[in-house]
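Data block below; observations after.
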Amino acid sequence: MKAIIIAGTNSGVGKTTITIGLIALLKKKGLIVQPFKVGPDFIDTGYHSMIAGRPSRNLDSWMMPEDYVKESFNKNSNDSDFAVIEGVMGLFDGLDSKGFEGSTAQIAKILNVPVILIVDAKSMAGSAGAVVYGFENYDKDVRIAAVIFNNVGSENHYKMLKEAVEHRCKADVLGYMPREKNIAIPSRHLGLVTADDNPISDEFIERLIALIEENIDVGKILSIAHSPIHPFTHSPYDSEGSISAKTCAGKKKVTIAVAYDKAFSFYYQDNLDILTEYGAELKFFSPLNDKHLPDNIDGIYIGGGYPEIYAKELEVNVSLRGQIKELAEGGMFIYAECGGLMYLTEGIIDLEGHRNEMVGIFPATAKMLPKRKVLGYVTVEAIDDSFLAQKGMTIRGHEFHYSEIDMPDTIKRVYKVAKASTGDEWFEGYTYKNVLTSYAHLHFGSNMEWAKNLTNMEETWQHR
């Protein structure tokens, strides 16, 4: 198995378009391609998964310990021929401007994988050499093996760009993507639209493949790619790649209903895998389409997504909303994040002031805002016991939302949330009976005890 990282000088340079085009081309050549995404993004992974035909994984050096990054990469790519890792923002952009934690550069160093740098060449010629030279020398432990230019206006434009880089830089110039209006993926307020929401047509993919074959040296990409070897000192998994069977010995298998459709699709694939490996059986259901929950379940997990976009459809599904509310009142264990939190309130109010009824477990409404409310990494500390964590336990995650919730003070909070970049603190982890929810998207790889507790809800909760 060989691997490369597709990185950018900054956000919006075309990383995702080139990544999915390359995945599609390699798959067409008969290779098994394992995609990854640096950072906490859910949306790019959806596109990767759709094109590759296998789940894309997140690699994040802030949310995950270094050994877990290596383990997740090794475990999920060892049956593939080629791993394509899409970077996040610019190559050196991470938690803050002083270090590389959370950045694509940090992942490149942890995994020892070469970088192909995407440069937006619009309105640029000789300065391309200065840009690439600066990136090459900013941290020489990051190997920038090659460059691809995007938004190139003509063959003559590309010739000037190529000469500028070859004059001063070590990186190979592999080619370019021409300036075309019809090869960009549409955007929405939370980033790119989801793959389920905007499935890419076969014609679009074929056009991308043709452009890459025509203008980029794919053979050189294959030769640049590196076969990384990653020793690690501690693994959460046993020698066979699974959480030790001792953890699950004699334990009742818990069945968790997982909400998954166009409205709720923001899950870290590793989280679902960890729950399964701890003994959970996951039964997927659609809050948009299913009138009833799966039978014989012990708990419900509702992740994030776009409930505000599908608020009318969610409101119309009265029977499912009623069943979830009834089960909550009866003591069912329910865990929800971000969009799932919004769904469990009394209603969602859109930007025009229109309200759609939701489940109504919490006496609050979720109101959409014209500007982003919160964005960034967070550390979550349990300030009281719950079925997910005992008091004092911590875990890492990410918050990103354009809504706010008027949760009354009478609703108990069991989380203290701290924003990693600023240290700002606030309280979430709203609880009602056996329901626990917050805006934070947690990554169980940062503290697997939280996942273990979730698969052992009843026993964990006995110690409250």
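Here are a few things to note about the model shown:
- Index of the failed condition, Asn58 passing every other in (1) touching a Phe, Trp or Tyr at 6+ places or on another chain (Cβ under 6 Å); (2) part of a helix (DSSP H, G or I); (3) polar (S, T, N, Q): (2)
- For the residues Ser80, Ser72, Ser49, the requirement of being assigned by TED's automatic domain parsing to the domain that holds Ala130 and part of a loop (DSSP other than H, G, I, E, B) singles out Ser80.
- Pairs, first closer than 12 Å to Ser127 by Cβ in segment 160-171, second part of a loop (DSSP other than H, G, I, E, B), C-beta under 8 Å, six or more apart: Met160/Ala125; Met160/Gly126; Leu161/Ala121; Leu161/Met124; Leu161/Ala125; Ala164/Ala125; Ala164/Gly126; Val165/Ala171
- Taken over segment 277-314, the residue count meeting the criterion of being of a type in the set (Phe, Trp, Tyr), farther than 18 Å from Tyr402 by Cβ and not in a strand (DSSP E or B) is 1.
- Qualifying residue in segment 95-109 (condition: in contact with a helix residue (DSSP H, G or I) (Cβ under 9 Å, 6 or more places away or on another chain) and either under 30 Å from Pro178 (Cβ atoms) or outside the structural domain of Leu22 (by TED's automatic domain parsing) (or both)): yes
- Given (1) touching an Asp or Glu at 6+ places or on another chain (Cβ under 9 Å); (2) of a type in the set (A, V, I, L, M); (3) buried (at least 16 other Cβ atoms within 10 Å of the Cβ), number of the condition Ala336 does not satisfy: (1)
- In this structure, Gly392 does satisfy being small (Gly, Ala, Ser) and without any contact (Cβ under 8 Å) to a residue 60 or more places away in the chain.
- Within segment 131-146, the set of residues being touching a residue at least 24 places away in the same chain (Cβ under 8 Å) and either under 25 Å from Gly99 (Cβ atoms) or outside the structural domain of Gly90 (by TED's automatic domain parsing) (or both) comprises Val131, Val132, Tyr133, Phe135, Glu136, Tyr138, Asp139, Asp141, Val142, Arg143, Ile144, Ala145.
- Scanning segment 39-82 for residues that are among the acidic types (Asp, Glu) and over 26 Å from Glu399 (Cα atoms), we see that the one that is modelled with the lowest pLDDT is Asp79.
- The set of residues in segment 116-159 being in a helix (DSSP H, G or I) and surrounded by fewer than 17 Cβ atoms within 10 Å (Cβ to Cβ) consists of Ser127, Ala130, Gly134, Asn137, Tyr138, Glu155, Asn156, Lys159.
The values are calculated or read from the model by the stated rules, or taken from the named source; none is laboratory data. Please read all numbers here as calculations on a predicted model, not as lab measurements. Cβ coordinates were reconstructed from backbone atoms using ideal geometry, including for glycine residues, and neighbour counts include every protein chain displayed.
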